[in-house]
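Below: one structure, written as C-alpha cells.
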Amino acid sequence: MARTWQQELHHNAKKRAKRKGIVFTILKEEIHIPSYCPLLGIPLMKNPNGRYQWDNSATIDKIDNNKGYVVGNVWVVSSLANLIMSSATAEQIIAVGEGLKAKQTEMAMKYTEEQRDALQRLFKDDLGCWVDYVYTDGHIDLASYCNSLKELRTIIKIVEQFDIENGIGL
C-alpha cells in the first residue's frame, strides 16, 4: 500500500535523522502539511505520479539545526525555502534579499535622481511646462496641453540628446 504524503515526509525525515545521528521523536500524526509554504507562500504540491515537485514539494525542516526532529522544533516548508535556509543564517538571508532587491531597483532605473532633476530642468528651460514630471525609470508625464506631434518630437529629441550626453542606454 502506498504511503500518504504525511507518512512519506515522516519516513524520509526519519531516514535522514538516522543517517546523520540526529534525534527523531516526532510522530506521523504530529506532522501538519499546510496548503502553502509558510515562508514563501507557494502552494505545496505532490505530483500525481508520487514524485514531489522540486520547488513546491513539502519537507520537514528543523527550526534549530542544533536540535533534532522533536516536537516544537520542526515545521513543514517547501523544498525551495529549505534549500535557501540550508547554508545561511536568517540575517544572511535578509542581507542577500535586501542587496538583491536594491540592485534590481537600481538596474530598473534609467536615471539617477540627479540626472532626473537635470532633465526636468532642461525641459522647463527649453519647453516651458510641456513636461509635468520625469521619473527615474525613464517614464515622463506630459502636460495635458502637450498634444501636437511637433511637441512630442521635440521632447524625444531632448531625451535622446540628454541620454547620449550622459552615456545612458549605450
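The values are calculated or read from the model by the stated rules, or taken from the named source; none is laboratory data. Being a predicted model, the structure only gives us computed values, none of them experimental. Every residue, glycine as well, gets a Cβ built from its backbone with ideal geometry; the counts of neighbours run over all protein chains shown. The accessibility values were calculated without ligands, DNA or RNA, using every heavy atom of the protein model including side chains. Shrake-Rupley method; radii C 1.70, N 1.55, O 1.52, S 1.80 Å.
May I ask you to verify whether K15 is open to solvent by 60 Å² or more (accessible area, probe 1.4 Å) and either modelled with pLDDT of 90 or more or within 23 Å of I84 (Cβ to Cβ) (or both)?
Yes.
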How many residues, within region 152-164, are modelled with pLDDT of 80 or more and farther than 13 Å from L122 by Cα?
1
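One line per residue, one yes/no per condition, for (1) part of a strand (DSSP E or B); (2) in contact (Cβ under 8 Å) with a residue 12 or more places away in the chain; (3) touching a Phe, Trp or Tyr at 6+ places or on another chain (Cβ under 7 Å):
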site	(1), (2), (3)
H32	no, yes, no
L40	no, yes, no
M45	no, yes, no
D61	yes, yes, yes
V71	no, yes, no
V77	yes, yes, no
N82	no, yes, no
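Listed here are the residues, each with its yes/no results for (1) open to solvent by 90 Å² or more (accessible area, probe 1.4 Å); (2) out of contact with any His (no Cβ under 8 Å at 6 or more places or on another chain); (3) acidic (D, E); (4) at pLDDT below 90.
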{"position": "I60", "(1), (2), (3), (4)": "no, no, no, no"}
{"position": "N73", "(1), (2), (3), (4)": "no, yes, no, no"}
{"position": "V77", "(1), (2), (3), (4)": "no, yes, no, no"}
{"position": "M85", "(1), (2), (3), (4)": "no, yes, no, yes"}
{"position": "G97", "(1), (2), (3), (4)": "no, yes, no, yes"}
